[in-house]
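Please read the structure below before turning to the comments.
The values are calculated or read from the model by the stated rules, or taken from the named source; none is laboratory data. The structure displayed is predicted, hence computed values, not measured ones. Methodologically, a virtual Cβ is constructed for each residue, glycine included, from the backbone with ideal geometry; neighbour enumeration extends over all protein chains shown. Please note that ligands, DNA and RNA were not included when accessible areas were found on the heavy atoms of the full protein model with its side chains. Shrake-Rupley method; radii C 1.70, N 1.55, O 1.52, S 1.80 Å.
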Amino acid sequence: MVVVGGGITALAAAYRATELAQERGIELDLKVVEARDRLGGTIATERVDGFLVEAGPDSFLSEKPWAFGLCRRLGLESQLVRTDDRFRKVFVWFRGRLHPLPDGFQLLAPTRLMPFATSSLFSWPGKLRMAMDLVVRRGAGDDESLGAFVRRRLGREALERVAQPLVAGIYTADPEDLSLAATMPRFLEVERRHRSIILGLRHALRTAPLPGTSGARWSLFVTFADGMDTLVRALAERLPDSSVVLNQRVASVERTGARWKIATVDGARWEADRLVFAGESHGTARLLRYVDPTLATLLGDIEYAGAATVSLGYRRTDVPHALDGFGFVVPRTEGKALLAATFSSVKYPGRAPEGHVLLRGFLGGALNAGALAEDDATLVARARAELRQALGVTAEPVLARLARWPASMPQYRVGHLARVETIERRAAALPGLALAGGAYRGVGIADCVRSGEAAAEAALAP
Ligand SMILES: Cc1cc2nc3c(=O)[nH]c(=O)nc-3n(C[C@H](O)[C@H](O)[C@H](O)COP(=O)(O)OP(=O)(O)OC[C@H]3O[C@@H](n4cnc5c(N)ncnc54)[C@H](O)[C@@H]3O)c2cc1C
């Protein structure tokens, strides 16, 4: 079996394949072929001068069981750490000020009256329009954009000041293009069942309180005490000797009968009867263009956005703000380069040395691709200038790190699920081939683990 890619999807696929092979007594000849000089893909942890810097993802959702389940199987549960929920607050940077997102606000809509009614983030007409959700009729139930849905139910302020910036921090997407059915089907389901989003969310809270709000052991997001690459290292250690091949970019795949021939840019070659594509779908499209041009076109049509992170370490005394939250998001209407900023050392333990803090800015995305055209020094300077405006920090940072992730965030546009169904049908017609990763049915690490494991199960189906 050959797995193209060496990110978390590929590693989850490879590890699941070894588990299945062992269970079933199958002999598995495995190769995980990664273009970079390291495993992990967008997961990249750096330890420098006592800071623990996450260049890519800094956590994963514990609510979705797949990454968590994998950690358990790997014996990593004791190394997981939860968010410090004393500082659970998130701010919205609006008109030059950080406004706390009202308590009880659940991504799109309020669930508690008083914090919402007294919030400084919304105007009175805006609040009244949100309350209209209680009486607005149901939509047609078709796939629609997040923007259309929120405007229809809760109004423009809810979209511009909360939904757009919160969602940009997760999907780096334009809400006018983002498919609600592919990203947050829960809200469509709430509308279908309860009509009102506010009432439906309140009902859900009463019947199944959110993790982290009910004394549950784990918070909504978790990470590793020693950084996200703990998971990557643990998986790599458990793969068979010499199954990982680094610094080799797969350049072509060819099918001859039931076998696949795989070749890299540098001329390395393998043959396999199972092939898992676990890289970005735009790359998979190129590799499949002669095998199935229609499939390749469908894959190539899934757009990606780029992003960058700027991590800045400061002495605590140099940051005037109380940093009493997890960070802030920035509505597009503010015209800033930052999409969001995380107070990393407040959110998680062990991210900065004693007396210091680690802040991380998130830039780029579908709505602000131009920001990434700047050179590194300019991007860091812009992040610093905006943190100065938001938090009043004027001092030189003691640490500055920039990481760029070009074309790495898949965009689920309206109609995405229908496209993915067609892709899956066509891929299933190619024997021994499986597609996995964030491009299809969920962009986060938990979804990628699920997708990688499912690919291994499909590839090794008896
Ligand atoms: C800045 C940033 C922050 C994020 N934050 C979070 C977060 O906090 N929580 C969360 O759950 N998710 C987050 N995500 C998303 C998360 O990182 C991804 O869901 C996940 O890591 C994707 O894993 P993957 O293996 O599918 O893809 P990738 O990590 O992109 O790995 C794909 C790998 O395939 C390799 N590859 C591609 N083509 C070839 C080829 N032809 N030959 C050989 N190798 C190839 C690439 O070099 C790459 O290493 C974030 C993403 C970014 C960019």
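Quick notes
- Scanning the stretch 329-354 for residues that are among the charged types (D, E, K, R) and part of a loop (DSSP other than H, G, I, E, B), we see that the one that is nearest to the ligand (Cβ to nearest atom) is ARG351.
- Scanning the stretch 160-183 for residues that are open to solvent by 10 Å² or more (accessible area, probe 1.4 Å) and in a helix (DSSP H, G or I) returns GLU160, ARG161, GLN164, LEU166, GLY169, ILE170, TYR171, ALA181, ALA182, THR183.
- Among the residues of the stretch 355-369, none qualifies, meaning not one is open to solvent by 20 Å² or more (accessible area, probe 1.4 Å), farther than 30 Å from SER145 by Cα, touching a Ser or Thr at 6+ places or on another chain (Cβ under 6 Å) and within 16 Å of the ligand (Cβ to nearest atom).
- Qualifying positions in the stretch 99-130 - of a type in the set (A, V, I, L, M) and surrounded by fewer than 18 Cβ atoms within 10 Å (Cβ to Cβ): LEU107, LEU113, MET114, ALA117, LEU128
- One residue stands out among those in the stretch 443-459 that are over 18 Å from VAL420 (Cα atoms) and crowded, with 22+ Cβ neighbours inside 10 Å: the one that is nearest to the ligand (Cβ to nearest atom), which is ILE445.
- Screening VAL190 against (1) open to solvent by 30 Å² or more (accessible area, probe 1.4 Å); (2) in a helix (DSSP H, G or I); (3) of a type in the set (A, V, I, L, M, F, W, C) leaves a single unmet condition, (1).
- Enumeration of residues in the stretch 136-150 that are touching a residue at least 12 places away in the same chain (Cβ under 8 Å) and open to solvent by 70 Å² or more (accessible area, probe 1.4 Å): ARG137, ARG138
- Among residues of the stretch 59-76 that are without any contact (Cβ under 8 Å) to a residue 60 or more places away in the chain and open to solvent by 70 Å² or more (accessible area, probe 1.4 Å), those with a Cβ under 9 angstrom from a residue that is outside any strand (DSSP E or B) and among the charged types (D, E, K, R), sequence gap 6+ or separate chain, pair up as ARG73/GLU19.
- Evaluation of LYS336 against (1) more than 22 Å from PRO406 (Cα to Cα); (2) in contact with an Asp or Glu (Cβ under 7 Å, 6 or more places away or on another chain) (one fails), failing number: (1)
- Selection within the stretch 268-281 - open to solvent by 50 Å² or more (accessible area, probe 1.4 Å) and within 20 Å of GLY40 (Cβ to Cβ): GLU280
- Every residue from the stretch 23-70 that is touching a strand residue (DSSP E or B) at 6+ places or on another chain (Cβ under 8 Å), within 20 Å of ARG82 (Cβ to Cβ) and of a type in the set (D, E, K, R): GLU54, ASP58
- Inside the stretch 219-267, residues that are open to solvent by 30 Å² or more (accessible area, probe 1.4 Å) and part of a loop (DSSP other than H, G, I, E, B) make up a count of 15.
- For the stretch 291-320, the set of residues classified as open to solvent by 10 Å² or more (accessible area, probe 1.4 Å) and within 12 Å of LEU359 (Cα to Cα) consists of ARG315, ARG316, listed by residue number.
- Residue match in the stretch 276-294 (condition: within 14 Å of the ligand (Cβ to nearest atom) and assigned to a strand (DSSP E or B)): yes
- Listed here are the helices (runs of 4 or more DSSP H) enclosed by the stretch 357-462 that have at least 3 residues being more than 25 Å from ASP58 (Cβ to Cβ) and without any contact (Cβ under 8 Å) to a residue 40 or more places away in the chain: 416-428.
- The residue pairs whose first member lies in the stretch 236-250 and is closer than 16 Å to ARG269 by Cβ and more than 9 Å from the ligand (Cβ to nearest atom), whose second member is open to solvent by 40 Å² or more (accessible area, probe 1.4 Å) and among the acidic types (Asp, Glu), and whose beta carbons are closer than 6 Å, counting only pairs six or more residues apart or on different chains, are ASN247/ASP37.
- As a summary of the residue check, PRO431 satisfies the conditions (1) surrounded by 17 or more Cβ atoms within 10 Å (Cβ to Cβ); (2) out of contact with any Pro (no Cβ under 6 Å at 6 or more places or on another chain) except for the one numbered (1).
- Candidates THR256, THR309, THR294 - the one that is free of Cβ contacts under 8 Å to residues at least 40 places away in the same chain and among the polar types (S, T, N, Q): THR256
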